[in-house]
Amino acid sequence: MKKVTAVIRPEKLEDVKAALEEKGYFPMTVHEVKGRGAQKGICLQYRGKQIKVDMIPKTEIEMVVGDEDVRPIIEIIRTSARTGKFGDGKIFISPVEIVAAIRNDEEIISE
Amino acid sequence: MKKVTAVIRPEKLEDVKAALEEKGYFPMTVHEVKGRGAQKGICLQYRGKQIKVDMIPKTEIEMVVGDEDVRPIIEIIRTSARTGKFGDGKIFISPVEIVAAIRNDEEIISE
Amino acid sequence: MKKVTAVIRPEKLEDVKAALEEKGYFPMTVHEVKGRGAQKGICLQYRGKQIKVDMIPKTEIEMVVGDEDVRPIIEIIRTSARTGKFGDGKIFISPVEIVAAIRNDEEIISE
Amino acid sequence: MAIDSGDTAFIIICTAMVMLMTPGVGLFYGGMVRGKNIISMVAMAFIAFAIVSIQWVTIGYSLAFGPDIAGFIGGLDHMFLAGVGLDGNGIPDMLFMMFQMVFAGITLAILTSGVAERIKLSSFIVLGLLWTTFVYDPLAHWAWGGGWASEMGALDFAGGTVVHISSGFGALALALVIGSRAGFGKYSMEAENITITLLGGALLWFGWFAFNAGSALAADGIAVNALVVTNISAAAGAITWMAAAWIKGKPSSLGLISGAVAGLVAITPASGFVGPMSAIVIGGFAGLLCYGALLLRVRKGLDESLDAWAVHGMGGLWGAIATGIFASAAIGGVDGLIYGNVNQFMIQLLDATVAMVYAFTMTFILAKIVDKVMGLRVTEEEEYIGLDISQHGESTTA
Amino acid sequence: MAIDSGDTAFIIICTAMVMLMTPGVGLFYGGMVRGKNIISMVAMAFIAFAIVSIQWVTIGYSLAFGPDIAGFIGGLDHMFLAGVGLDGNGIPDMLFMMFQMVFAGITLAILTSGVAERIKLSSFIVLGLLWTTFVYDPLAHWAWGGGWASEMGALDFAGGTVVHISSGFGALALALVIGSRAGFGKYSMEAENITITLLGGALLWFGWFAFNAGSALAADGIAVNALVVTNISAAAGAITWMAAAWIKGKPSSLGLISGAVAGLVAITPASGFVGPMSAIVIGGFAGLLCYGALLLRVRKGLDESLDAWAVHGMGGLWGAIATGIFASAAIGGVDGLIYGNVNQFMIQLLDATVAMVYAFTMTFILAKIVDKVMGLRVTEEEEYIGLDISQHGESTTA
Amino acid sequence: MAIDSGDTAFIIICTAMVMLMTPGVGLFYGGMVRGKNIISMVAMAFIAFAIVSIQWVTIGYSLAFGPDIAGFIGGLDHMFLAGVGLDGNGIPDMLFMMFQMVFAGITLAILTSGVAERIKLSSFIVLGLLWTTFVYDPLAHWAWGGGWASEMGALDFAGGTVVHISSGFGALALALVIGSRAGFGKYSMEAENITITLLGGALLWFGWFAFNAGSALAADGIAVNALVVTNISAAAGAITWMAAAWIKGKPSSLGLISGAVAGLVAITPASGFVGPMSAIVIGGFAGLLCYGALLLRVRKGLDESLDAWAVHGMGGLWGAIATGIFASAAIGGVDGLIYGNVNQFMIQLLDATVAMVYAFTMTFILAKIVDKVMGLRVTEEEEYIGLDISQHGESTTA
Ligand SMILES: Nc1ncnc2c1ncn2[C@@H]1O[C@H](COP(=O)(O)OP(=O)(O)O)[C@@H](O)[C@H]1O
Ligand SMILES: Nc1ncnc2c1ncn2[C@@H]1O[C@H](COP(=O)(O)OP(=O)(O)O)[C@@H](O)[C@H]1O
Ligand SMILES: Nc1ncnc2c1ncn2[C@@H]1O[C@H](COP(=O)(O)OP(=O)(O)O)[C@@H](O)[C@H]1O
């Protein structure tokens, strides 16, 4: 099992959700976060001097999925969340060892 | 070391905290999130047509614990957060390599 | 690649950001969270009896970085976020397997 | 007597201030519920005001203030405001009609306490119209429209029975019919936006000056007396509730503002009849009594959680009785118990009891009928998601 | 006639209440925008009020109420309040000046709808001063200062053309000049703080009583009539909009409060001329019409998203015409269409049309000029970050 | 002269409007503190109002307006409102008492600026009662109750010394005694809920019309003059502060609203004595002066962070002096410096200086005493957790 963590633009969340849904990927947990990337945020020209706004609101999506779903999900998110401008975000893949349901005793354990 | 990430119903947080506390598990970090599971949220009947509310407020608990604590914690959370209805949530276990305190130089490194 | 997750005091965020920036570490994602540590929060004396306030607002910083950056970042955060009192927080290091950009098709895959 | 510009100015502005109390109640309640129902609470206050505004000019005013029928209700002579003109005695008749309308509006808004976070919007609208017609209008007629209570000599300066006993005991009946919120008693359901509640409370305190002083229907000494005792009672209620809560635990701001409202409720029927020093006692005791009522309600596990019953119902009851105790002929022409007038005390007791029983019973019956016919309550899923989304299709992020 | 203390008291308080409507508009709008622009919306309302306050006492009042020049504008005799004294007829002249000032202030605040979330603050200030001077002041002169419209016999009791048509069609012109918000139509841009919008709406409803009743300039029967019809129309508008929205989907609280505002707008020009039952029709139809206008705007993909056009523009248009339909000589001395006075109906139609065309065209031209000279719009980055940070250097977390 | 219904209507409503300013101060301050202390700030405003309400009717009014003793304080003749009746001259004596009460209430609320986010609730209550008794009541007596200042001919129309210098310099003294907030200067402590601050500011601006115009105690030309100059000064202050802040950086909405308050403060003592054009200068300069005072305070590292000192203290000082400069006999019967009356200028200077020194010193002493006896400040942990939880046991999520 893997955890896909995607940091995207908040205004893209609806598109990403719809794109994932279309391909049958539903479960997800969403965090409202702030962040800065390598560009250190957004630069405003302000009367000569530049002002950096370095903590921009972002949306972080977490999805725990089977190993085989990682690639397709990365592609779906890329396609639906991309604007091509700085600040589009990142996707991180990390390992998950156990997924346990709370409603019942189902469990999936990564080998 | 492992990270236990549990997504639960917000109204169950007090119960879960109390149950964990009883067994001596205190440290945790709590996120307010929204999420949808395999059921894609909650269905409202609305004048004939169905409306899906697919982003339901949830609470995400993070606990970094020793490997031996994972099982008991999963069971405690299951017991205290279960209602038996869809939407009870999931528990994810993932590896943690280093835990470093900030207050002092203590550190635990997973072998 | 590793993910550095640091739970710090909210009022230290500016200092930590500045300290990281100075050493060239920019990208990060920030969560507003609540948490309790081993001390179970803060104790208020209240007319004889003690009251525990066990969910204290904290700030969680996530940074996905190269393996070689983990140590320096831990030290920077320790230095800039430490007050020496209970509640300073923790740093967790966990593995990340893939980092994929959304803006373009760049990708880093941990060997 | 002709129209007096000072009195007319006074009552127009008082009308506007009392109107503002209705969204004030909505905000007061809205801050106390869970975030997923805040819009619902505020919206119900607006809806209450809107539907009562139309009900009042079509039929309500006539039911309350039309020619008396058997001491119970007014005749239909003033339907659609027939015969309500722009001239009058001191203030235009039309202004009197309007001032009374804003009272009817806020009363329905107070009632929403009993069904908070679980009523179906459509059912609320139907119930609200029925309630105003069959509970509020008769009570207004009894007290102010020439009904049996006023004939008997019962004193209710600004609505202790009409507004507060009616809505408070009505809310209790509603809470019993609709049942507790899912998870009540199991999960904590704490106020999520106390700032908004305090803002609502501020608007209530502000508007209450107009509510009570305006009930003099003239900018005169009686109005000033009402103004002064209103504020004193509010302050005293705030202080005693806060103090009592402090002794038991922490002096919450919710307690403080609830105490103020308790004081305001209790002085309402009395404000044209009692003096400033009596107001300290009336308000101070109201704070303690209503706090006690709240504790009792909690112990009984009763989910009337915005406490219209504890604060408006019990506070109104106390106020009606207190009027019979502290009334001073020097102020409003009638003496109460402490000046030896046992009779007035008994009248007040009777009046308050009848209002209480009538409001509770009728509300219970109306709620049962609406429940049978169309269902009072939202589904379990709708309640879980919250009324903001399930009833209004909206939510508020901030 | 000397100064009357009742009338003076009335108009002083009405002035204060109308003043409160300006931040009310700011909060009403602020809750509807994305969280990153809420401060900007509220701040613009305050700024509008501040700059108009100074404009009015230096030049604006004189342009509107100075001696008539060619039916179009007032002369400069009252610049710096020259000749505006503390005595007068019923109320001091100075109070009349002040009461008119708060109207000018709120009108500019309403206009901000058309440029929400994307205007450069400095450009708003410049545009606002120009707009008040070249759009508001002439319109006020036409209707109330002895200009051609009042000479012709056009009726505008409290500002249907002057305040609402002007700001509504002005906002439409601004939205066309400045263009849609980045991402409009692509991303959902939902109201983020509906509680604050409802609070703003409450302050508007409250203040509107003063807006309309105060326009009688005396605490008399006409003021009372205005008070009563204002509330009825608001209630009717709230109900019809909510009902219409319910049929199409969910009865949102935004619909409810927008309907109330639509009813308030529509009754504004009519409030001194029509009776209570006409008010039900005027307000009820306003709710439907303005909701229809909103749907049309959405279909056309037009980003005038706080709907000053749909609500104030179209509501004001309907109100001006409705005055010509429902006016009753028994109330305000003039009959309308339903009493056989076709002439008054035609006058109203003409007046409203000219106001609409003038406001739209002049606003368009002024906006184009400001855009050419200094740029109306913030940069893409500034818009993305939000005006709170980019224009004011602040943000609000709660 | 008998009771006048217009004047009475006016002052009743003004009283209500000034009352609303007290929660207005609470919201204004509440939005500026960190989210963990917002309830505390609003609650302290309510508590201030409640305790002063009781203090005033028991002893405060008598101390301020009882028969003069040595020019310093009033006698106890009116304790428990003895001899304060429902009739009077123009307005009932009881109404005068009540109008004065709301001034005493808000003044204590303003004072909380100096101890924000760190005072122990119980200590605030004790300190508040002492402060009102030993600082506010004497100052009110001096200016309005027949004390030395009024005997000398000092002019203070609506409370420049009594309300603003007293609370502003009092807050400064408190801040010095209680010390800075933990982490002050080290961490940024930014306003967290600017929307609420702007709302509070709107309520202040609204209420200030009643504060100043109502101080005429009649709905007459003087009241109208006060109304007009009040608004002009507010607008001018808002504009100059915003402009100055813009030159140094960004035109924040906090600057805008602070400038408005600065203008309102400065015009307060002058509003019955100066004309509209002087008001532009008074308000405009107030915006600059108070902004400068704020910058100075920041440079000095002084944690009087809600700026009662910079805005109310310095603004009040300037207003008192400005009254001596700009007073015009044509308006209030007395000329100031610009009309050649050096004497009045010197009187104002003396009055303001004494008020400043007295308020600062007495507050300092009282704070020291309370600190010694019961401790002014919460513990480090309580401060860290925030006063909402530690003092009130509540928190607000939204
Ligand atoms: N290495 C990283 N670790 C954690 N979060 C990151 C990292 N890189 C990017 N992010 C998150 O993704 C968001 C967008 O990043 P990116 O597209 O690189 O933005 P930018 O254009 O500002 O460089 C950031 O605001 C941050 O929240
Ligand atoms: N695979 C997953 N990845 C991330 N989050 C998940 C996943 N599955 C469930 N969740 C989280 O747990 C919550 C409850 O899930 P679940 O009990 O499956 O809900 P449902 O009954 O709606 O299917 C979701 O709202 C989501 O936040
Ligand atoms: N084992 C853990 N798992 C998850 N979060 C933790 C853990 N330990 C500490 N934290 C987070 O770090 C914060 C501070 O922890 P710590 O410094 O241990 O606090 P304390 O002084 O209260 O014990 C906690 O509030 C919590 O959010």
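Please treat every number below as a calculation from the coordinates, not as lab data. Owing to the predicted nature of the structure, the values given are computational and were not obtained by experimental measurement. In this analysis, Cβ positions are derived from the backbone assuming ideal geometry, glycine residues included, and neighbour counts consider all displayed protein chains.
Just the number, please: Stokes-Einstein D of the range F:255-389 in µm²/s, Kirkwood Rh from C-alpha pairs, 25 °C, 0.890 mPa s.
This corresponds to a translational diffusion coefficient of 148 µm²/s.
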Relative pair counts by distance (%), Cα atoms of the range D:1-94, 5 Å bins
3, 13, 14, 15, 17, 16, 10, 7, 4, 1, 0
Please get the size of the charge dipole for the range E:357-398, origin at its Cα centre, with Cβ charges of +1 on Lys and Arg and -1 on Asp and Glu, quoted in debye to the nearest 20.
360 debye
Applying the gyration tensor rule to the Cα atoms of the range D:239-287 (axes a ≥ b ≥ c; rounded if a/c under 1.5, else prolate if a/b exceeds b/c, else oblate), the class is prolate
Over 5 Å intervals from 0, what percent of Cα-Cα pairs in the range D:63-173 sits in each interval?
2, 12, 20, 23, 20, 13, 7, 3, 1, 0
In chain E, which helices (entire DSSP H runs) extend 20 Å or more along their own long axis, judged by Cα positions, while averaging at least -0.5 on the Kyte-Doolittle scale?
E:5-30, E:38-55, E:93-111, E:194-213, E:221-248, E:253-267, E:276-299, E:342-374
Out of the trypsin sites (Lys or Arg not before Pro) in the range C:74-111, which ones are loop residues according to DSSP with at most 14 other C-beta atoms within 10 Å?
C:85
Go ahead and run the numbers for FRET between residue F:380 and residue F:122, Cβ-Cβ distance against an R0 of 22 Å, rounding to 0.05.
0.80
How do F:151, E:192 rank when sorted from fewest to most other Cβ atoms within 10 Å of their own Cβ?
F:151, E:192
Gap separating the Cα centres of the range A:27-87 and the range D:217-295, nearest whole Å:
54 Å
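If you rank F:208, D:246, D:144 by fewest surrounding Cβ atoms within 10 Å, what's the result?
Neighbour counts put them in this order, fewest first: D:246, D:144, F:208.
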Using the Kirkwood formula over every pair of different C-alpha atoms, what hydrodynamic radius in Å results for the range F:99-244?
17.3 Å
First check a/c for the range B:1-76, with a ≥ b ≥ c the square roots of the eigenvalues of its C-alpha gyration tensor; if it is under 1.5, answer rounded, and if not, answer prolate when a/b is larger than b/c or oblate otherwise.
prolate
Can you run the Rg to Rh ratio on chain E? Use alpha carbon positions and the Kirkwood inverse-distance Rh.
0.96
Low-density loop cleavage sites - trypsin sites (Lys or Arg not before Pro) in the range F:228-332, where at most 14 other Cβ are within 10 Å (DSSP)
F:300
State which entries of D:372/E:250; C:12/C:34; A:58/A:90 exceed 18 angstrom in Cα-Cα distance in the structure shown.
D:372/E:250
Among B:30, B:65, B:53, the residue with the largest mean-square fluctuation in a Gaussian network model of chain B built from Cα contacts under 10 Å is B:53
For the range A:72-78, Karplus-derived ³J(HN,Hα) couplings (6.51, -1.76, 1.60; θ = phi - 60°; whole Hz; x for glycine and proline) come out as x, 5, 4, 5, 4, 5, 4
Taking a point 7 Å out from Cα toward Cβ as the label site, list the nm distances between residue D:69 and the same residue in every other copy, smallest first.
6.5, 6.5
Rg followed by Dmax, in Å, when the protein assembly as shown is reduced to its Cα trace
31.6, 97
Connecting C-alpha atoms closer than 10 Å in a GNM of chain F, tell me which of F:58, F:230, F:133 has the biggest fluctuation.
F:58
Over the range D:4-59: Rg over Rh, Cα atoms, Kirkwood Rh
1.14
Zero-based 5 Å bins, Cα pair distances in the range D:188-318, whole percents:
2, 13, 20, 24, 20, 11, 6, 3, 1, 0
At residue F:188 and residue D:353, where each label point lies 7 Å from the Cα along Cα→Cβ, what is the point-to-point distance in nanometres?
6.6 nm
For residue F:368, go through the lysines and keep the ones whose alpha-carbon is under 18 Å away, minus same-chain ones fewer than eight residues off.
F:120
Kirkwood Rh and Cα-based Rg: tell me the resulting Rg over Rh for the range E:349-398, rounded to two decimals.
1.25
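Determine the dipole magnitude for chain F: charges of +1 sit on the beta-carbon of Lys and Arg, -1 on that of Asp and Glu, nothing else is charged, the reference point is the Cα centre, and the result goes in debye to the nearest 20.
I would put it at about 1200 debye.
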Cut-off 10 angstrom, C-alpha nodes, Gaussian network model of chain E. Which of E:156, E:220, E:303 fluctuates the most?
E:220
Over the range F:135-199, what per residue volume does the convex hull of the Cα atoms give, in whole Å³?
126 Å³
Calculate the dipole size of chain B relative to its Cα centre from +1 charges on Lys and Arg beta carbons and -1 charges on Asp and Glu beta carbons; express the result in debye to the nearest 20.
1240 debye
Put a label point 7 Å from Cα along the Cβ direction on residue F:339, then list its distances to the equivalent points in the other copies in nm, shortest first.
5.0, 5.0
Measuring from the axis that superposes chain E on chain D, report the chain E residue with the minimal C-beta distance, rounded to whole Å.
E:6, 2
What nm distances, shortest first, do you get from the label point of residue B:39 to those in the other copies when the point sits 7 angstrom along Cα to Cβ?
4.2, 4.2
Return the loop-located chymotrypsin sites (Phe, Trp or Tyr not before Pro) in the range C:1-97 (DSSP other than H, G, I, E, B) with at most 14 other Cβ atoms within 10 Å of their own Cβ; answer none if there are none.
C:86
